[in-house]
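Q: Sharing a structure, written as structure tokens. Questions coming.
Bear in mind that the values in this text are calculations on the coordinates, not laboratory data. Keep in mind that what you see is a predicted model, and the values were worked out from it rather than measured. Every residue, glycine as well, gets a Cβ built from its backbone with ideal geometry; the counts of neighbours run over all protein chains shown.
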Amino acid sequence: MTQSTKKIDLRSDTVTQPTADMRHFMAEAKVGDDMYQEDPTVNALQEEVADLLGKEKALYVPTGSMANQIAIKLLTQPGDGMIVGNHAHNWMFESGAAGFISSIQLTPLTGDGRFTAQDVKAAYKPNQAPYHFAPTRLVSIENTHNVGGGLVWNQGEIAQVLATADELKIAKHLDGARLWNAAIYYGTELHTLTQGFDTVSVCLSKGLGAPVGSLLAGNSELIEKAYRYRRIMGGAMRQAGIIAAGGLYAVHHHRERLSEDHTNAQFLAKSLNEIKGLKVNIDSTHTNIVMADLTDKRLNAQVLEQKAKDQGILFLCVSDQRIRLVTHLDITQQDCEKAVETIQSLIKKSFLTVGC
Ligand SMILES: Cc1ncc(COP(=O)(O)O)c(C=O)c1O
């Protein structure tokens, strides 16, 4: 594809292509049968990520959804309750897996996806007579928060939520699919963001740009049990080092560059906010996700999405009045400029009313 016809795909950071160097590293990877825990590349990835996250062990799994669902299975019993933030991925976007696999009930909180210790106290249900409620056993935090627009949590707030969970004797899971981005935002080491959590999931196939894979980290006992749940869910693989190598390469080479994605997201947020008919909360654009609201009722996000797609600019319509753009490894500053130009010219034209 020539530069002039190159598609600019801002739908998600999951769309990245493995780089030539990553593919080379993958092709050269030493592999073994991971069911026997004999794949040296998987073992190296697991050890390295466990270390980065400050946890005893980590387990390589095919997807972030599987990592989250294994965690929920580990930390709950059927009939238990779990508190989650608004629009949490493990509540809304994993096809009802927590109910299907772990037979638990979810209590989603309101707000932008983040919540307070007070919210947890208010939502908490004890395990006591007359047993009207599903007893709360688990609270799950998503950092950064996807639907919240890549929002990072205040670290003090997290500490308070964790302290409250300890008082209430409930377990704590961190969905850190994009924790790499949060670490860059805070300018801190990953392990400082995982302290106090029983389990942490991280994805390699989002901002880091690996083609496949996530990890679930926790103490040795939990991760030993996680091996069985991974097997039950069909996620135990064989010569998985081929794909794990992409993850290992990404951990070594693509973490620091996430700051470029954040800079590009800031550029998009500021530029889109200047377009009449669009509003972006720049202060809430923390990492690589930009949410832009269509403020003029004559504009429709679905129509805008389609018209932009016709011109090679891809983003997601998340509601009639909201679009989402995500920066990543395959997006340059020039791509962002082109996306802004296209969106601006489409909005200027008057064909964007509902039903066109
Ligand atoms: C916050 C969050 N958690 C978990 C996942 C699940 O990852 P996967 O698509 O690998 O199942 C996603 C995917 O976008 C996500 O955004």
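Q: With a Förster radius of 35 Å, plug the Cβ-Cβ distance of Ile282 and Glu47 into 1/(1 + (r/R0)^6) and report the FRET value to the nearest 0.05.
A: Values: r = 40 Å, r/R0 = 1.13.
Efficiency, rounded to the nearest 0.05: 0.30.
Q: Here's something else I'd like to know. Let me know the shape class of region 1-139, please: from the alpha-carbon gyration tensor, a ≥ b ≥ c as square roots of the eigenvalues, rounded when a/c is under 1.5, otherwise prolate if a/b is greater than b/c, or oblate. All intermediate terms of the calculation are to be shown ahead of the outcome.
A: Details: a/c = 2.80, a/b = 1.62, b/c = 1.73.
Oblate is the answer for region 1-139, as a/c is 1.5 or above yet b/c matches or exceeds a/b.
Q: What whole-number distance in Å separates the alpha-carbon centres of region 29-99 and region 168-245?
A: What the calculation gives is 5 Å, centre to centre.
Q: Of the DSSP beta bridges with both residues in region 20-253, give the percent that are antiparallel, rounding to the nearest 5. Show your work: numbers first, answer last.
A: Numbers: 11 of 28 bridges.
Among the beta bridges of region 20-253, antiparallel pairing accounts for roughly 40 percent.
Q: Describe numerically, in nm with one decimal, the distance between label points set 7 Å from Cα along Cα→Cβ at Tyr36 and at Ala122.
A: For Tyr36 paired with Ala122, the spin-label model returns 5.6 nm.
Q: Put a dot 7 Å past each Cα toward the Cβ at Lys225 and Gln321; how far apart are the dots in nm?
A: About 4.5 nm separates the two model spin labels.
Q: Applying 1/(1 + (r/R0)^6) with R0 = 35 Å to the Cβ-Cβ distance of His191 and Gln302, what FRET efficiency is obtained, to the nearest 0.05?
A: On the way: r = 42 Å, r/R0 = 1.20.
The value I calculate is 0.25.
Q: Next up: Which entries in the list Lys6/Lys279; Lys6/Lys349; Lys6/Lys55; Lys73/Lys206; Lys73/Lys279 go over 30 Å, if you measure between the two C-alpha atoms of each? It would help to have the intermediate numbers written out before the result.
A: On the way: Lys6/Lys279 27 Å; Lys6/Lys349 23 Å; Lys6/Lys55 42 Å; Lys73/Lys206 24 Å; Lys73/Lys279 40 Å.
Beyond 30 Å: Lys6/Lys55; Lys73/Lys279.
Q: Here is a follow-up. Based on the Cα atoms of region 253-346, what semi-axes does the equivalent ellipsoid have, where each is the square root of 5 times one gyration tensor eigenvalue, given in whole Å with the largest first?
A: Each semi-axis is √(5λ); the values are 22, 14, 11 Å.
Q: For the chain, what is the convex hull (Cα atoms) projected area averaged across all directions, in square nanometres?
A: Details: hull surface 74.5 nm².
Mean projected area of the Cα convex hull: 18.6 nm².
Q: Could you check the simple spin-label distance between Ser95 and Thr263, using points 7 Å along Cα→Cβ, in nm with one decimal?
A: 4.0
Q: Moving to a separate point now. Does region 77-135 come out rounded, prolate or oblate, given a ≥ b ≥ c as the square roots of the eigenvalues of its C-alpha gyration tensor, rounded meaning a/c under 1.5 and, failing that, prolate meaning a/b above b/c?
A: Working: a/c = 3.17, a/b = 1.10, b/c = 2.87.
Note, shape of region 77-135 comes out oblate.
Q: How large is Rg/Rh for region 245-291, to two decimals, with Cα atoms and a Kirkwood Rh?
A: Working: Rg = 13.9 Å, Rh = 11.8 Å.
With Rg and the Kirkwood Rh in hand, the quotient comes to 1.17.
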